[in-house]
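A.B. asks: My questions will all concern the structure given below.
The values are calculated or read from the model by the stated rules, or taken from the named source; none is laboratory data. Fair warning: this is a prediction, and the values are worked out from it, not measured in the lab. Don't worry about glycine lacking a Cβ; one is built from the backbone with ideal geometry, like all the others, and counts go over all protein chains shown. Quick note on the areas: whole protein, heavy atoms, side chains included, nothing else; ligands and nucleic acids left out. Shrake-Rupley method; radii C 1.70, N 1.55, O 1.52, S 1.80 Å.
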Number of protein chains: 2
Amino acid sequence: MSRAYNFNAGPAALPLEVLEQAKAELTDFAGTGMSIMEHSHRGKAYDAVHQEAVANMSKLLGLTDDYQVLFLQGGASLQFSQVPLNLLPAGGSADYVNTGTWANKAIKEAKKVGTVNILADTSKEIPTNMPDFAALPYSKDAAYVHVTSNETIAGTEMPFFPDTPSPLVADMSSDILSRPFDITKFGLVYAGAQKNLGPSGVTLVVIRKDLLERAPETLPTMLQYRTQAKENSLYNTPPTFGIYILMLVSRWLLAKGGAAGIEAINKAKAAKLYAAIDGSGGFYKGTAVPAFRSNMNVTWRLPSEELEALFVKEAIAQNMIGLKGHRSVGGIRASIYNACPPEAVDALVAFMADFQKKNG
Amino acid sequence: MSRAYNFNAGPAALPLEVLEQAKAELTDFAGTGMSIMEHSHRGKAYDAVHQEAVANMSKLLGLTDDYQVLFLQGGASLQFSQVPLNLLPAGGSADYVNTGTWANKAIKEAKKVGTVNILADTSKEIPTNMPDFAALPYSKDAAYVHVTSNETIAGTEMPFFPDTPSPLVADMSSDILSRPFDITKFGLVYAGAQKNLGPSGVTLVVIRKDLLERAPETLPTMLQYRTQAKENSLYNTPPTFGIYILMLVSRWLLAKGGAAGIEAINKAKAAKLYAAIDGSGGFYKGTAVPAFRSNMNVTWRLPSEELEALFVKEAIAQNMIGLKGHRSVGGIRASIYNACPPEAVDALVAFMADFQKKNG
């Protein structure tokens, strides 16, 4: 079987070079006679992997000494709680922007911890949309401002990051390291690894060090960011194999020219796909407002649900996987993260033209 | 390089057959043209893996319909908090037995949540020891009784599980499925996967279903056991690759005759090693009271720290890895979990005799 064109929303495509290296050394890592999975997290072999993963992520993200990389577990879903538990003091409040399913989940968890100000709610707009982040009524005394930089289901993405009076916190699960950004605007950034960084089971957190001490001592030790910060994410056994794959992906990203290099590739892939949608004379209709179209999750509709089902079915027959839209919204979604190769998008665009010819 | 004899305390040895199968299909799982890491957690390919992992674990653990298997993240260290947050009601108390480093950590976190009764404390005894679990003053009205079935650092293991007036909860991280046990004695069992079940990054929890509803709704959604119970551990993206490896290990365990089959092998390995220690005329001295000796982590001392360092160094030269005792206690530790082959123990015993001849 040839390699599939993988448009999964996450877990998603990984670079073939990364998988091939992992395969080559799966039973014998660096001549040690053991798999990397079998190495102690406190041993030399794994430690070199861990340190390189931290160093490469710091480099790729352009971190200054004011920030620290953490590798945690539990995904963005646990971060929805961990952020307010650490950063929202008793009696305080936090600003949130509700841009869709994922922002909404973050808000729901934050409300269990403290007062939440909703600065804007575009979560029910059709076409899917985001607010003008430059014009939101940010609170002067909020503990932080929480945004979702890319809504995987809605197919929307923040085109820029605003200056905010309190620390900006972002769920970047689906666009982290797909483009450069200025970390100094942020207090904290988090991302599940399974879209742009590696396999599921690793959560990247980047935190501005002065925020580490905000958590109350009464918080469970494992939920305090400082616990893992003090131990370089080795307080307890980390998900070593996931971090190893993330490290290999970080090498691959550096070889692509880092965030700026991959952004150029990502923009070209997305532009080609949006051009195919917009040039279809209305057969394909993008579901997001153009100003907030995501370069990661491209979402569109066909004239009927029947045609959408046929589209997904025929795509699978041509080895294109994962194009069915999220079950909550329907339609078509092509997730074209960093590791989705340009050839996959070319194949999809050709298939779209062919499908329209037959069914348009 | 030939395969190392891996005595790591965790992450630890995995069955070579498992690693070889994972390697063979790492870039193309079941002819799908994608790695299992690249499959959606909601797709058919991964779903079959997930369902088999759940079914095999249920079978291996002899679960009745009253129990449910969960695959979580965060390791035993997060369970130290998640257990009391779910099971210890406001104003209630829980019984804990302090048998060493790991029990102590569980107690520390439980104290953040509620009242803790320490039924016994053997954590500072030398030789390392455990109390008589049949004679402990279990509270009649405790929310639960927490025990650590195997202390990885102390090298001690509970020889049996007591009948308790309130639900028994066990941290079984280092002896889960190394021997059969009667699940009906337990309310909840948890274990990090990285010793007997698979790679790090997956946490097995087995919970009696009637306990699922004890958690307050105010608890973060991701920390409520019922959240993952309702969704068969697919509420959010699970650590798919880790669960896949755990599934392969579960097949391997079934082929070995399940818990009873592997117990016979484990007992023989441990007996051989303890015989080598006890037959050394005092050159090697076991650190645990014989009645509580662990079949998983065999710990001993040599006449001096210098000889211990030399022992570890020469063992490494003979491809025996991970024999240095935990940094908090020193000495020697051989972790001989399920996947540590009998040949590794044979090689170690031969090396011990040789080392004593030269240095005794």
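A.B. asks: Taking the conditions exactly as written (closer than 29 Å to A:TYR46 by Cβ and not assigned by TED's automatic domain parsing to the domain that holds B:PHE311), does B:PRO238 satisfy them or not?
C.D. replies: Details: closer than 29 Å to A:TYR46 by Cβ: yes; not assigned by TED's automatic domain parsing to the domain that holds B:PHE311: yes.
Answer is yes for this residue.
A.B. asks: Being among the hydroxyl-bearing types (Ser, Thr, Tyr), more than 14 Å from chain B (Cβ to nearest Cβ), open to solvent by 10 Å² or more (accessible area, probe 1.4 Å) and in contact (Cβ under 8 Å) with a residue 12 or more places away in the chain narrows it down to one of A:THR148, A:THR156, A:THR164, so name that one. Give the steps one after another, and end with the answer.
C.D. replies: Values: A:THR148 fails: open to solvent by 10 Å² or more (accessible area, probe 1.4 Å); A:THR156 fails: open to solvent by 10 Å² or more (accessible area, probe 1.4 Å).
Selected residue: A:THR164, the only one of A:THR148, A:THR156, A:THR164 that is among the hydroxyl-bearing types (Ser, Thr, Tyr), more than 14 Å from chain B (Cβ to nearest Cβ), open to solvent by 10 Å² or more (accessible area, probe 1.4 Å) and in contact (Cβ under 8 Å) with a residue 12 or more places away in the chain.
A.B. asks: Let me ask another. Please list, ordered by first then second residue, the pairs with beta carbon atoms under 7 Å, 6 or more apart or interchain, first in region B:205-220 and more than 18 Å from B:LEU60 (Cα to Cα), second open to solvent by 90 Å² or more (accessible area, probe 1.4 Å) and outside any strand (DSSP E or B).
C.D. replies: Going by the 7 Å Cβ cut-off, the qualifying pairs are B:LYS209/B:ASP66.
A.B. asks: Taking into account only those residues within region A:17-38 that are in contact (Cβ under 8 Å) with a residue 40 or more places away in the chain and more than 7 Å from chain B (Cβ to nearest Cβ), which is most open to solvent (accessible area, probe 1.4 Å)? Let's see the steps before the verdict.
C.D. replies: Restricting attention to region A:17-38, the residues satisfying the condition of being in contact (Cβ under 8 Å) with a residue 40 or more places away in the chain are A:17-18, A:21-22, A:36-37.
Now drop any that are not more than 7 Å from chain B (Cβ to nearest Cβ), which leaves A:17-18, A:21, A:36.
Details: A:GLU17: 106, A:VAL18: 7, A:GLN21: 74, A:ILE36: 3 Å².
If we take residues in region A:17-38 being in contact (Cβ under 8 Å) with a residue 40 or more places away in the chain and more than 7 Å from chain B (Cβ to nearest Cβ), then A:GLU17 is most open to solvent (accessible area, probe 1.4 Å).
A.B. asks: Between A:ALA55, A:ALA76, A:ALA103, which is free of Cβ contacts under 8 Å to residues at least 60 places away in the same chain and in the same structural domain as A:ASP132 (by TED's automatic domain parsing)? Even if it seems obvious, please write down each step before you answer.
C.D. replies: On the way: A:ALA76 fails: free of Cβ contacts under 8 Å to residues at least 60 places away in the same chain; A:ALA103 fails: free of Cβ contacts under 8 Å to residues at least 60 places away in the same chain.
Of A:ALA55, A:ALA76, A:ALA103, the one residue that is free of Cβ contacts under 8 Å to residues at least 60 places away in the same chain and in the same structural domain as A:ASP132 (by TED's automatic domain parsing) is A:ALA55.
A.B. asks: While we're on this one: Which of the residues spanning region B:177-207 are farther than 22 Å from A:SER35 by Cα, of a type outside the set (Ser, Thr, Tyr) and out of contact with any helix residue (DSSP H, G or I) (no Cβ under 8 Å at 6 or more places or on another chain)?
C.D. replies: Selection gives B:ASP182, B:LYS185, B:PHE186.
A.B. asks: Within region A:314-360, track down each residue that is assigned to a helix (DSSP H, G or I), within 12 Å of another protein chain (Cβ to nearest Cβ) and either under 21 Å from the mean Cα position of the chain (by Cα) or not hydrophobic (A, V, I, L, M, F, W, C) (or both). Steps first, answer last, please.
C.D. replies: Residues of region A:314-360 assigned to a helix (DSSP H, G or I): A:314-317, A:342-359.
So of that shortlist, the ones also within 12 Å of another protein chain (Cβ to nearest Cβ) come out as A:316, A:344.
A:ALA344 - this is the single residue of region A:314-360 that is assigned to a helix (DSSP H, G or I), within 12 Å of another protein chain (Cβ to nearest Cβ) and either under 21 Å from the mean Cα position of the chain (by Cα) or not hydrophobic (A, V, I, L, M, F, W, C) (or both).
A.B. asks: Here's a check for you: in region A:87-109, which residue that is closer than 16 Å to A:GLN224 by Cα and touching a Pro at 6+ places or on another chain (Cβ under 9 Å) is modelled with the highest pLDDT? First the steps, then the outcome.
C.D. replies: Taking region A:87-109 first, the residues closer than 16 Å to A:GLN224 by Cα are A:87-90.
From the residues that got through so far, the ones that are touching a Pro at 6+ places or on another chain (Cβ under 9 Å) too are A:87, A:89-90.
Numbers: A:LEU87: 98, A:PRO89: 94, A:ALA90: 90.
Among those that are closer than 16 Å to A:GLN224 by Cα and touching a Pro at 6+ places or on another chain (Cβ under 9 Å), it is A:LEU87.
A.B. asks: Name the pairs whose Cβ atoms lie under 7 Å apart, with the first residue in region B:283-303 and under 12 Å from B:ASP175 (Cβ atoms), the second among the acidic types (Asp, Glu) and in a loop (DSSP other than H, G, I, E, B), and 6 or more positions between them or separate chains?
C.D. replies: B:MET296/B:ASP175
A.B. asks: Please specify each residue of region B:317-337 satisfying the condition of being surrounded by fewer than 17 Cβ atoms within 10 Å (Cβ to Cβ) and either hydrophobic (A, V, I, L, M, F, W, C) or in contact with a Pro (Cβ under 6 Å, 6 or more places away or on another chain) (or both).
C.D. replies: B:ALA317
A.B. asks: Which of the residues belonging to region B:1-19 are assigned to a loop (DSSP other than H, G, I, E, B) and closer than 17 Å to A:LEU26 by Cα?
C.D. replies: The initial filter retains those residues of region B:1-19 that are assigned to a loop (DSSP other than H, G, I, E, B), namely B:1-4, B:7-15.
Across region B:1-19, the qualifying residues are B:MET1, B:SER2, B:ARG3, B:ALA4, B:PRO11, B:ALA12, B:ALA13, B:LEU14, B:PRO15.
A.B. asks: Let me ask you something else. Among the residues of region A:201-234, count how many are open to solvent by 10 Å² or more (accessible area, probe 1.4 Å) and among the aromatic types (Phe, Trp, Tyr).
C.D. replies: Summing the residues that are open to solvent by 10 Å² or more (accessible area, probe 1.4 Å) and among the aromatic types (Phe, Trp, Tyr) in region A:201-234 gives 0.
A.B. asks: Would region B:235-258 turn up any residue that is in contact with a Phe, Trp or Tyr (Cβ under 6 Å, 6 or more places away or on another chain), among the small types (Gly, Ala, Ser) and either assigned to a helix (DSSP H, G or I) or open to solvent by less than 10 Å² (accessible area, probe 1.4 Å) (or both)?
C.D. replies: To start, the set of residues in region B:235-258 that are in contact with a Phe, Trp or Tyr (Cβ under 6 Å, 6 or more places away or on another chain) comprises B:238, B:240, B:243.
From what's left, among the small types (Gly, Ala, Ser): none.
No, because not a single residue in region B:235-258 is in contact with a Phe, Trp or Tyr (Cβ under 6 Å, 6 or more places away or on another chain), among the small types (Gly, Ala, Ser) and either assigned to a helix (DSSP H, G or I) or open to solvent by less than 10 Å² (accessible area, probe 1.4 Å) (or both).
A.B. asks: Only one of A:ARG301, A:ARG251, A:ARG226, A:ARG293 is of a type in the set (D, E, K, R), in contact with a helix residue (DSSP H, G or I) (Cβ under 6 Å, 6 or more places away or on another chain) and away from chain B (no Cβ under 14 Å). Can you tell me which?
C.D. replies: A:ARG226
A.B. asks: Regarding region B:272-282, can at least one residue be identified that is on the phi > 0 side of the Ramachandran plot and away from chain A (no Cβ under 14 Å)? Working first, answer last.
C.D. replies: Here is the first cut: in region B:272-282, the residues on the phi > 0 side of the Ramachandran plot are B:281-282.
Among the residues that remain, those that are also away from chain A (no Cβ under 14 Å) are: B:281-282.
Looking for residues that are on the phi > 0 side of the Ramachandran plot and away from chain A (no Cβ under 14 Å), one finds at least one in region B:272-282, hence yes.
A.B. asks: Show the residue pairs meeting these rules: Cβ distance below 6 Å; 6+ apart or different chains; first residue within region B:254-277 and closer than 15 Å to B:ILE176 by Cα; second residue open to solvent by 50 Å² or more (accessible area, probe 1.4 Å).
C.D. replies: B:ALA259/B:PRO180; B:ALA260/B:PRO180; B:ILE262/B:LYS256
A.B. asks: While we're here: Can you report the number of residues in region A:188-207 which are more than 13 Å from A:ALA170 (Cα to Cα) and of a type in the set (A, V, I, L, M, F, W, C)?
C.D. replies: Residues flagged as more than 13 Å from A:ALA170 (Cα to Cα) and of a type in the set (A, V, I, L, M, F, W, C) within region A:188-207 amount to 3.
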